[in-house]
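Remarks on the structure that follows.
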Amino acid sequence: MSEPIVVEVRRNGVVEGTHRVHAVAVRGGEVVAAAGDPSLTCFMRSSSKPLQALPLVRARDDLPHDELAIACASHRDTPEQVAAVRALLARAEATEDDLELGIQEGRPPQKIHHNCSGKHAGMLALCAARGWPTHGYHTSEHPVQRACHEAHAEAAEVEPQEAASDGCGVVTFALPLERMAYAYSRLEALPGGDRIAAAMRARPDLVGGPDGADFLFMRAAPGWLAKGGAEGLLCAAGADGLGVALKTEDGASRGHAPAVATFLGALGLDLPDLAEVPVVNSRGERVGEIVTAC
């Protein structure tokens with residue numbers, strides 16, 4: 001096993017922090033590259049969202065790119081993102097009161113502003129399509145969450161090792177990094193997965209935010225899709241069937257961009273715009289950078 005990728009946070013040339021990133025790439029069921037421990041197991045958190053959207057897209061053929069992308073999103077509460085959530089809620093014949101999540105700290109005190117509101121709106125749209133009750137859709141025994149469990153097992157071809165409540169209240173599943181990368185490598189070939197991939201590629205601006213590694217990655221690498229998750233996870237897939245999963249040991253995400261650039265650079269994908277993330281002070285002055293260690 002090779003060593004994890006080390007990402008340094010430097011200020012005026014002095015290293016202020018380091019992040020160790022485990023990474024694995026899978027194609028055709030085989031590990032083609034690894035840094036660190038590909039068997040490292042963690043919860044998928046928001047990196048699950050494209051998989052959680054599989055039951056939705058299979059139940060409905062009426063979802064445009066913006067509504068499907070927002071169902072896969074950890075949005076930044078931009079007007080366009082919130083508008084997409086409202087459109088998906090309307091398609092579900094539901095209201096904000098039906099969203100079974102809480103208020104997110106630092107955002108307006110309405111549930112629609114939560115960064116997972118698009119996923120929840122999608123789950124309500126799934127209920128409407130299948131004739132399932134909406135009450136309690138976030139609980140593990142509800143058909144929505146059972147369908148999400150089945151989607152993870154289908155994509156990864158293993159049963160999730162553990163389940164827990166995610167930050168927004170729905171169920172999140174734990175898998176080894178290698179199985180996450182395998183699931184992403186298969187996403188586009190699964191029934192309905194091509195529509196999810198197309199929506200994420202078409203609207204990366206709805207999936208994340210302008211400083212997120214997933215958005216930056218999709219912008220820098222046409223044909224790829226990517227989705228970050230809490231506690232330092234990032235999963236991605238290329239149009240050529242390559243699936244990738246990265247996990248930062250300390251749970252930080254700020255080193256994802258240079259780690260992705262380094263890891264995929266060794267596989268022939270040149271990502272110069274991700275290789276160095278500037279550190280900027282409150283005056284907008286560049287005072288350092290986040291880069292992989294030499």
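General remarks:
- Nearest 10 degrees, 0 to 90: helix 143-156 Cα axis against the chain principal axis: 40
- Heavy-atom surface analysis with a 1.4 Å probe gives the chain a carbon and sulfur content of 49 percent of its accessible area.
- Neighbourhood net charge (12 Å Cβ-Cβ; Lys/Arg +1, Asp/Glu -1) for N12: 0
- Modelled this way, with points 7 Å down the Cα-to-C-beta line, the labels at A202 and L267 are 2.6 nm from one another.
- Cysteines without a disulfide-compatible partner [the chain; Cβ-Cβ under 4.7 Å]: C42, C72, C127, C148, C235, C294
- Inter-part distance where segment 180-217 and segment 255-294 are each reduced to a Cα centre, Å: 21
- Label assignment, Rg and Dmax of the Cα atoms in Å derived from the structure, set (1) 18.4, 59; (2) 18.2, 54; (3) 27.2, 83: (1)
- With all protein chains kept in place, the per residue accessible area of the chain amounts to 41 square angstrom at a probe of 1.4 angstrom.
- Neighbour net charge for G229 - beta-carbon separation under 13 angstrom, K R +1, D E -1: +2
The values are calculated or read from the model by the stated rules, or taken from the named source; none is laboratory data. No experiment lies behind these values; they were computed from the predicted model shown. A quick note on method: Cβ atoms are made from the backbone with ideal geometry, for glycine too, and the neighbour counts reach across all protein chains shown. These area figures cover heavy atoms from the full protein model, side chains too; ligands, DNA and RNA do not enter into them. Shrake-Rupley method; radii C 1.70, N 1.55, O 1.52, S 1.80 Å.
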